[in-house]
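Written below as structure tokens is the structure these notes are about.
A short reminder: the numbers here are calculations on the coordinates, not readings from a lab. All of these numbers come straight from a predicted model, not from anything done at the bench. No Cβ is skipped: glycine too gets one built from the backbone with ideal geometry, and neighbour counts run over all protein chains shown.
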Amino acid sequence: MSVTPVILPKLGLTMDEGRLVAWLKKEGDHVDAGEALFEVETDKATMEVESPVAGYVRRLLAAGGDDIPVTAVIALISTTADEPIADEPIADEPIGMATPDVVAAPPPEPERPQAPAAATVPSEATSDRVVASPAARKRAAELGVDLALVRAARGGRISIEDVEAAGAAGGAADSGAAGAPDTGAATAPPGGEPAATGIAPARAPLSRMRRVIAERMTRSFRDVPQFSVSRDVDMTLAAAAKAAAGVSYADVLIEAVARTLVDHPRLAMRYDPEGLIGADGIHVGIAVALEDGLLVPVLRDADSKDLAAISRERSALQDGARAGKLSADALTGAVFTISNLGQHGVDRFTAIVNPPEAAILAVGRVRDGVIARDGAAVIAPVVTLTLSVDHRVADGAHAAAFLADLAGRLEGRPA
């Protein structure tokens, strides 16, 4: 009999842990290699993970709702359905992988009265006895929340969301603790009307996506020396191409950017202290705004696709991003990102480089503008493109040359 440990895979360069959403198989079920085995929520999206081998699901070592570090063992699959499995750790486990004993949920605690959630100074003696994920314990320490007073919303194990909800509830309660008691009435200034109460202060817990965006953008601004260059582009011919192909301006821009990157490969490289690392293909990231953040799905080998194919793939990627259903492959590997706020009425803006990429293009709205053509002032559709670049990878001359060639491609001028 052969036993294969199933681990939580690392679905991206910055992923440290994921939340097990649900098992798609139960203990005793047969699973084929490549068949969906479970759903996991990362900082980017919820996605299905396939079984690495064919066999029988013998043990599930984590429950839905658990926050699990990457490479931890979460299940065991065997080639037979009924032979016993030893309790000791798997012999061929990769170094650093959590054993089943580590990942398995602790035994249930004896029942005790639950107090309402509140934010207080954490008690080391009580917090060590509650059932909580490592991530939840870390978050509780950051927010000053006593885990003994936190109620688990699901599964009996305290999660990050439970901790943040407790912190928000405690923060809201504490906000009126000092000063005069709240009588429910507005205070009137001397001889005047009652003062406006405004919006009551509150604390909104950060979602997993919002936390990662905050950390990543802070790191980019702190660690990456970046600069930006801008250029207005006449979109008359691009508008004609858009209408003829029945696509969007976004599709025309993706095609133009991809083909321009072929001639300017430095903008697709990434920085490494040992030297610049070239791209394995022209994979263009497309920033998609969501309710509480953004995703950057990747259109692979965009330089080899025509406008129709780009339009189909771009639309499917955006729909998948908004539905939170994209594969790991669709969310990794971008070498250059396009961020388009034109649909929001923005004329121009500067985007922050998204490491390890070296450049990002900020696209404003296509608007009527006055340009010089053949010595005369004419009204034409114009867009402002702003390129932000990692100065460790490229200089101003590289950025200017790329932007000039991109503008020439969109305007129909030879490179």
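Here are the numbers for this structure:
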{"quantity": "Interchain or long-range residues, amide H under 5 Å from Val21's placed H", "calculated": "Glu39, Val40, Glu41, Gly65"}
{"quantity": "Distance from region 256-335 to region 29-86 (C-alpha centre basis), Å", "calculated": "29 Å"}
{"quantity": "Listed peptides 66-78, 270-282, 346-358 by packing density, highest first (mean Cβ within 10 Å)", "calculated": "66-78, 346-358, 270-282"}
{"quantity": "Dipole magnitude of region 221-279 about its Cα centre (Cβ charges: Lys, Arg +1; Asp, Glu -1), debye to nearest 20", "calculated": "40 debye"}
